[in-house]
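Asker: Here you go, one structure.
The values are calculated or read from the model by the stated rules, or taken from the named source; none is laboratory data. None of the values given here were measured: they were computed from a predicted structure. Cβ placement follows ideal geometry from the backbone for every residue including glycine, while neighbour counts extend to all protein chains displayed.
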């Protein structure tokens, strides 16, 4: 029974989950952050306590001499008048408050640094997790949802759960210490406070909790759809405009914004209500104290001091209670992020952070062999690649054709090691290519897809993809630019290779993008080049230029192995051998002359 009760407490349950997902090195920083929360609460309380003597003197000047502490200060500093003592008291209180606030700012910075170190950690953890799942996983899952999880949801989690827990502890401590102080000063007052304020707060919390939880889930889903809608509208600009459907994209966006706005309004209004409810409850408790004092004939001067102390406490408790409710609501609304984070492993982050691309390459001097390769996306369904075998001598130009669904792209993804075959093996110079050798294998291959990925960065950074500008080998870069016949493009750019070529390569033509892809593959000193429908979206003239570039590469490097996957037969004119795929197997081998007939 006790265990269930403890698990039902939001803060305890959340702390257990945090302990589960935070790695040991960051837990130690968490202990320091908790210590700073405690110190911050104590300094806040002391700051509030320093106002009480000043408040007492303002209400009743005789307290200077009747109060032991105030009288001690008065005599110790040899004051000659009450007015000068009040001035001294004001200056002392102000000085202490300034020091207290400076200390508080430092302690808050400690908590914030810890919280956002978790933001960096959890985002890195999710990024490493999604990246480690492979190409097939990324194809099957919504990219907007993945982006939303890595960035928006983690940021919201840190701001509302991690910082919310620290804030919750801080406010609990402040309220608890104030209540203890009032309890010592006047037990009756604290009883009235508990009977009037807390029942109202608890009842309200239960009413609003479910509404805010529902709103949080709805807004998270809407955020994904909103991002998705905007990106689709931008990427599909030409299609929407040509079809005169621009208004449809606007209407779709408008509908999503209307839904998001309505939920934001509801959330904002609900979040404003706690302060008003608590304020009403505090006023109710003050009235209750006054009525109680009247009926039990409490002295008016003592009642004034009591109300003053109570008002001062209420001045600090009121925002604390409001913050408490907001923290609790925000923590509840973001509990779902635990489910996202829990499925990842912090060791993946450590591995990703410390992984260095090996410079070693796999030995490739004779041939690449695929032996009885089979693959299916679902083991129950039919095989996409079925008992596929082939030998590819080093230096060969191999073409692969076949109808859509024949298995060409799947075969390529197996060779690129994006997919792992279910049976069979790949051998390089009669050595089986296993998972441990994947990085070494990728150090000798280059890949030019139908649509070359281009970052919003310089031409140099796009060719040497994955390298910072200061680490690029510009001498080798010049060589591959000439090999890929990109020199005229470089000459036409204002800043040469350092020119930013725009989002998705907006400053380049289709053929120039493909040349960039070739240059990128060569920059990696590839011994095997894979072309995946690399010219299918180009006009005949540009296709011929790219084909000649491929032939040029092969002529200056006889050991360069080239594998071209294509729909267009014309893309394979320089291939020494062409295989036709059907249902994942080799249907027939051709040479180009026979194929065009």
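Asker: Can you find a residue in segment 185-196 that is within 25 Å of residue 331 (Cα to Cα) and not assigned by TED's automatic domain parsing to the domain that holds residue 416?
Answerer: Yes: segment 185-196 contains one or more residues that are within 25 Å of residue 331 (Cα to Cα) and not assigned by TED's automatic domain parsing to the domain that holds residue 416.
Asker: Just the residues that are assigned to a strand (DSSP E or B) and closer than 19 Å to residue 376 by Cβ, please, taken from segment 569-586.
Answerer: Within segment 569-586, 581, 582, 585, 586 qualify.
Asker: I need a count of the residues in segment 429-454 that are touching a helix residue (DSSP H, G or I) at 6+ places or on another chain (Cβ under 7 Å) and assigned to a strand (DSSP E or B).
Answerer: So the count comes out to 3.
Asker: Looking at residue 553, is it part of a helix (DSSP H, G or I) and either at positive phi or buried (at least 17 other Cβ atoms within 10 Å of the Cβ) (or both)?
Answerer: yes
Asker: Further, regarding this structure: Considering only helices (runs of 4 or more DSSP H) fully contained in segment 1-103, which possess at least 1 residues that are surrounded by 14 or more Cβ atoms within 10 Å (Cβ to Cβ) and either free of Cβ contacts under 8 Å to residues at least 60 places away in the same chain or at negative phi (or both)?
Answerer: 10-21, 24-59, 63-66, 68-76
Asker: Being in the same structural domain as residue 18 (by TED's automatic domain parsing), modelled with pLDDT of 90 or more and under 28 Å from residue 320 (Cβ atoms) is true for just one of 96, 55, 69, 106. Which residue is that?
Answerer: On inspection, the qualifying residue turns out to be 106.
Asker: Out of 150, 146, 202, report the one residue that is farther than 30 Å from residue 253 by Cα and either in contact (Cβ under 8 Å) with a residue 60 or more places away in the chain or in the same structural domain as residue 34 (by TED's automatic domain parsing) (or both).
Answerer: After ruling out the rest, the residue left standing is 202.
Asker: Also: Going through segment 397-420 one residue at a time, which ones are in a loop (DSSP other than H, G, I, E, B) and crowded, with 18+ Cβ neighbours inside 10 Å?
Answerer: 406, 407, 417, 419
Asker: Looking at the structure I just gave you, is residue 258 over 26 Å from residue 325 (Cβ atoms), out of contact with any strand residue (DSSP E or B) (no Cβ under 9 Å at 6 or more places or on another chain) and either modelled with pLDDT of 80 or more or surrounded by 16 or more Cβ atoms within 10 Å (Cβ to Cβ) (or both)?
Answerer: Considered against the rule, which asks whether it is over 26 Å from residue 325 (Cβ atoms), out of contact with any strand residue (DSSP E or B) (no Cβ under 9 Å at 6 or more places or on another chain) and either modelled with pLDDT of 80 or more or surrounded by 16 or more Cβ atoms within 10 Å (Cβ to Cβ) (or both), residue 258 comes out as yes.
Asker: Is one or more of the residues making up segment 127-142 touching a helix residue (DSSP H, G or I) at 6+ places or on another chain (Cβ under 8 Å), in the same structural domain as residue 157 (by TED's automatic domain parsing) and more than 30 Å from residue 411 (Cβ to Cβ)?
Answerer: No, the conditions are met nowhere in segment 127-142.
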